[in-house]
1. Pick from T50, T69, T15: which residue has the top mean-square fluctuation in a GNM of the chain where Cα pairs under 10 Å get a spring?
2. What percentage of the solvent-accessible surface of the range 14-144, computed with a 1.4 Å probe over protein heavy atoms, is contributed by carbon and sulfur atoms?
3. Heavy atoms only, probe 1.4 angstrom, no DNA, RNA or ligands counted: give me W129, W87 ranked by accessible area, highest first.
4. Per the Kirkwood treatment, what hydrodynamic radius in Å, one decimal, follows for the range 31-109 from the mean inverse distance over all distinct Cα pairs?
5. Taking K72 as the anchor, which lysines have their alpha carbon closer than 18 Å to its alpha carbon, excluding any fewer than eight residues away along the same chain?
6. Per DSSP H run of at least 4 residues, take -39500 (n - 2.57); add these up for the chain, divide by its residues and hand me the 222 nm value, nearest 500 deg cm²/dmol.
7. What's the center-to-center distance, using Cα atoms, between the range 100-152 and the range 57-95 in Å?
8. If you look at just the Cα atoms of the range 70-147, how large are its Rg and its Dmax in Å?
Amino acid sequence: IDMLVVFACFLHRSTSQAGYDTAVKKVFACLDKLESNLDDQRFLMGDKMTATDVMMLPTISRFDAVYATLFKCGKRRIKDYPNLLGWMKLMFRFPGSFESFDLDDSRRSYFEQLFPMNPSLIVPSGPSWEDIGIDPGQGRMSNQEVLDYVHVV
């Protein structure tokens, strides 16, 4: 998801319904395309994990907890995209990936620091990882398993 498109949803929403409608269509067209790509492959760019997967993980992880509410992009949740949810579950099985992302801190940061979008500074209480469809206790891959999924140059 191009972060500019997500931010455009807020910016156009505040000035024009038509602009917001156009921007939100782009967000969900992107999610639909990612979902479709994952029909035939494990990762966003093919059968091996690439930098694209690593960089997209925080964005997809924040979608339900932050963007859907703050940027009014709640038409569908990541949980409603079975392939994207499966991809996110797989990505969080890589050692260190789950531990490197704090969903609560991310939510707090967006809702407390982006004052014009949230003048009350109220931070929503959820959704939790479990609500999104991620099991924090899910087992992590062994080093050997990791090698099966990454492209080593």
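The values are calculated or read from the model by the stated rules, or taken from the named source; none is laboratory data. Everything numeric here is computed off the predicted structure, so don't read it as measured data. The accessibility values were calculated without ligands, DNA or RNA, using every heavy atom of the protein model including side chains. Shrake-Rupley method; radii C 1.70, N 1.55, O 1.52, S 1.80 Å.
1. T15
2. On the way: 3590 of 6810 Å².
Answer for the range 14-144: carbon and sulfur cover 53 percent of the accessible area.
3. Values: W129 30, W87 5 Å².
Most to least solvent-accessible, the answer reads W129, W87.
4. Values: mean 1/r = 0.0767 Å⁻¹.
It is 13.0 Å.
5. Within reach: K25, K26.
6. Numbers: 7 runs with 78 residues, N = 153.
Here the helix-only value at 222 nm equals -15500 deg cm²/dmol.
7. When both Cα centres are located, 9 Å separates them.
8. Rg then Dmax for the range 70-147, in Å: 15.0, 48.
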